[in-house]
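What follows is a short report on a single structure.
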Amino acid sequence: QVQLVESGGGLVQAGGSLRLSCTASGRTFRSYGLAWFRQATGKEREFVVGINTGGGTTYADSVVGRFTISREDAKNTVYLQMNSLKLEDTAVYYCAARTFTVSMARHDYAYWGQGTQVTVSS
């Protein structure tokens, strides 16, 4: 069982930056692929970025060049650095985990955090 807790969301102006963190319980953190999804009001939850156990990453086209995912296994934590934020980045951001590799399909993830709100204002 893995429990995930996100933090770092908030209100930021367009063009600004935020860093989200997701800390996991358990001693097998390094065995999990980790991803960030987001869900805007009235829309489906969508894949943003993921990082495998070996550090390989996959990004959604909409965030390439602006967002960066990283993991620190010694701290059981995955980070999402978000730069050049746009209005359309406004959403609840969720951390998710599954064994070893990441997937862009939300149904492939067994473990989810509670989400953290990111609001980008003009």
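The values are calculated or read from the model by the stated rules, or taken from the named source; none is laboratory data. Just so it is clear, the structure is predicted and the values come from calculations on it, not from any experiment. Glycine gets a Cβ as well: all are built from the backbone with ideal geometry, and neighbour counts include every protein chain shown. Note: areas computed on protein heavy atoms with side chains; ligands, DNA, RNA excluded. Shrake-Rupley method; radii C 1.70, N 1.55, O 1.52, S 1.80 Å.
Multiplying the residue separation of Leu87 and Leu11 by 0.36 nm and subtracting their alpha-carbon distance yields 26.3 nm. Given their separation in residues at 0.36 nm each and the Cα-Cα distance between them, Gln39 and Ser25 gain 2.7 nm when the chain is fully extended.
Evaluate the charge dipole of the chain about its Cα centre and quote only its size in Debye, nearest 20, assuming +1 on the Cβ of each Lys and Arg and -1 on the Cβ of each Asp and Glu.
200 debye
On the beta carbon distance between Arg66 and His107, with R0 = 30 Å, the FRET formula returns roughly 0.70. Qualifying chymotrypsin sites (Phe, Trp or Tyr not before Pro) in the stretch 35-116, where qualification requires a DSSP coil assignment and no more than 16 other C-beta atoms within 10 Å, comprise Phe100. Rounded to the nearest 0.05, the FRET efficiency derived from the C-beta distance between Asn52 and Gln1 at R0 = 22 Å is 0.55. For the chain, the fraction of 1.4 Å probe accessible surface lying on carbon and sulfur atoms is 46 percent.
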